[in-house]
1. Cα centroids of segment 269-302 and segment 178-192: how far apart, whole angstrom?
2. Under 9 Å from the Cβ of Asn195, count the other residues' Cβ atoms, weight Lys and Arg +1, Asp and Glu -1, and hand me the total.
3. Could you rank the peptides 196-202, 43-49, 148-154, 160-166 by their average count of other C-beta atoms within 10 Å per residue, with the highest value first?
4. Return the sequence-ordered ³J(HN,Hα) values of segment 212-222 in whole Hz as given by the Karplus equation 6.51 cos²θ - 1.76 cosθ + 1.60 applied to θ = phi - 60°, using x for Gly and Pro.
5. In which sequence would Ser23, Ser276 go, from the one with the fewest C-beta neighbours within 10 Å to the one with the most?
6. Order of Lys189, Lys206 from fewest to most other C-beta atoms within 10 Å?
7. Taking the number of other C-beta atoms within 10 Å as the exposure measure, put Arg246, Arg289 in order starting with the fewest.
8. Let me see the pair-distance distribution of segment 104-212: every alpha carbon pair, 5 Å bin width, integer percents in order.
Amino acid sequence: MKITIIRAILLITIFLQLSACVSLDRTKPAPTQNQSITINYTDEELSGWSDLPVGAHRVPDSQVIVSGHQSNGLIGVLLGPLGLVIQDTVDSSRASNNTKEARNSLNITLTNEAKKISKKLLESPEFENKFTTKNKAETPKLDVTTAVILTFVTDTDIRPYVLLQVNMTDSNSNSIWKTRYIASSGEPKPLLGSNGWIENGGGKLKETISANLKNAIEFMLTDIAQPYSRDDSKIIIAQGYFPYVRKRLQVGGYQLLENNDYIAFLPRVGDAMIFSGVNIMGKSVTTFRTSEPDDSFFKVLD
């Protein structure tokens, strides 16, 4: 009886978060700045309260988060701490056991690699006058936290995501804009075994993560320097996979960019949703089309 009541409350919460009455700040473009923006990559951890779903497991000494294994279903995953909190310890322990054999290959931290990628990109004319790595008190600053989200999509197969969580502050250190940039590509693989992610020392996993990290950083810089249009009259429907969530979803939102490899999709969902922000999604595993009047803006497909 108690669980039924809790689930009913959570379903109502999901509805409210997906409706227009909730905060949609993560869908907004970055505010225009008259000075170069200082980029600062931090080693700060994602918040267990606002950034991670119930039961997510942090791999020790790394920026790797494991999700998609949770026993409490879709609701707890989508709503983070608003999910069935009682399952948190149980689910985290399950993920720890599932990844124990791969622990050494999952000690991944992206901060230094992200700094190197940004430094190289800032040498281009497109970005050199928009951003800087020099920290000056009078300039706006973009704090970026990196993470790797390993999401189970079956009992064995995992899809890796690279996440950039960004917070722009003004010269007085007041927060003026927050969002996320999340990138993934390709098909999932088992973590262990032949052709698994950590085969041969985890080379394939690291290669995929590095490629998605570069895509996420380059898109972030481009979208901040000259924001892509968020046009409410051109909403699309995307069907695909999102970080933390095991099941395939249908979500309405904005198409920011499409190229040969991926679509940059910005779900029009409330800020409390853990995949709110720009999702850079591989086209081989994502379908998208213009929204129709009777479309559901949020639906579980599998």
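Throughout, read-outs are computed from the coordinates displayed, never taken from laboratory work. It should be emphasised that the depicted structure is a prediction, and the values quoted were computed from it without experimental measurement. Glycine gets a Cβ as well: all are built from the backbone with ideal geometry, and neighbour counts include every protein chain shown.
1. For segment 269-302 versus segment 178-192, the Cα centre distance is 15 Å.
2. On the way: positive: Lys189, Lys204; negative: Glu199.
Overall, the nearby charge balance is +1.
3. On the way: 196-202: 17.1, 43-49: 13.0, 148-154: 22.1, 160-166: 24.3.
Top to bottom by mean Cβ count within 10 Å: 160-166, 148-154, 196-202, 43-49.
4. 6, 5, 4, 4, 5, 5, 5, 5, 4, 4, 5
5. Details: Ser23 12, Ser276 24.
Lowest to highest Cβ neighbour count: Ser23, Ser276.
6. Details: Lys189 20, Lys206 17.
Lowest to highest Cβ neighbour count: Lys206, Lys189.
7. Working: Arg246 19, Arg289 11.
Ascending number of Cβ neighbours within 10 Å: Arg289, Arg246.
8. Histogramming segment 104-212 at 5 Å steps yields 2, 10, 17, 19, 17, 11, 9, 7, 5, 2, 0 percent.
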